[in-house]
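Written out below as structure tokens is the structure these notes cover.
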Amino acid sequence: MTAAELKSRVEQLASASVEEAVPKQANPELADRLVQLVQKGASTQREGSKLPRFKPGDRVVVRNRHPSGHTRCPRYARGAHGIIERVHGTFIFPDTNAHGGGEQPEAVYSVQFDSRKLWGPDYPGPDSVYLDLWESYLEAA
């Protein structure tokens, strides 16, 4: 879409009545669900079928994998050692869900990392970085 096409459509919608501007939906139930989704959002939290592998205080290392396609595991954290700070619950695993492999829910953890271990020994402060990571990104340290 060009800038001119966008401008033209905005002008058209601005001058149209609501009945003219809003496309008709043949499935009102679906339309209502979509409006609710846009207004309220939707949780990706799911019931877990297995207990989380780790608990707060456990030492972990981020697996150093390099998958093709989508992953929520930051490259800079791969191979880094951290400590489980919190278990958030079970959520849709985005890596499989994005590629049509289904939700495959997993436990998600808040993992604390020493900033110097992520950014190197010359990093100026004793800061911590917290990352929310899915269970399959982690292994016991």
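Which residues, counting only those in the range 93-134, are crowded, with 18+ Cβ neighbours inside 10 Å and touching a Lys or Arg at 6+ places or on another chain (Cβ under 6 Å)?
Answer for the range 93-134, where residues must be crowded, with 18+ Cβ neighbours inside 10 Å and touching a Lys or Arg at 6+ places or on another chain (Cβ under 6 Å): just P105.
Suppose we filter N64, N97 for residues that are modelled with pLDDT of 95 or more and out of contact with any strand residue (DSSP E or B) (no Cβ under 7 Å at 6 or more places or on another chain); which single one remains?
N64
Touching a Ser or Thr at 6+ places or on another chain (Cβ under 6 Å) and of a type in the set (A, V, I, L, M) - does that describe any residue in the range 84-105?
Within the range 84-105 (the criterion being touching a Ser or Thr at 6+ places or on another chain (Cβ under 6 Å) and of a type in the set (A, V, I, L, M)), the answer is yes, since at least one residue qualifies.
Here is a check on your reading of the model: is P28 in contact (Cβ under 8 Å) with a residue 12 or more places away in the chain and of a type outside the set (A, V, I, L, M, F, W, C)?
no
Please verify whether S136 is hydroxyl-bearing (S, T, Y) and closer than 17 Å to H70 by Cα, treating the condition exactly as stated.
yes
Name the pairs whose Cβ atoms lie under 7 Å apart, with the first residue in the range 1-17 and in a helix (DSSP H, G or I), the second modelled with pLDDT under 85 and surrounded by 10 or more Cβ atoms within 10 Å (Cβ to Cβ), and 6 or more positions between them or separate chains?
Listed by first residue and then by second, the contacts come to L13/A21.
What tally of residues in the range 86-112 results from selecting those that are in contact with a Pro (Cβ under 8 Å, 6 or more places away or on another chain) and part of a strand (DSSP E or B)?
6
The values are calculated or read from the model by the stated rules, or taken from the named source; none is laboratory data. The model shown is predicted, which means the values in this text are computed figures rather than measured ones. Heads up, the Cβs are rebuilt from the backbone with ideal geometry, glycines too, and the neighbour counts pull from every protein chain shown.
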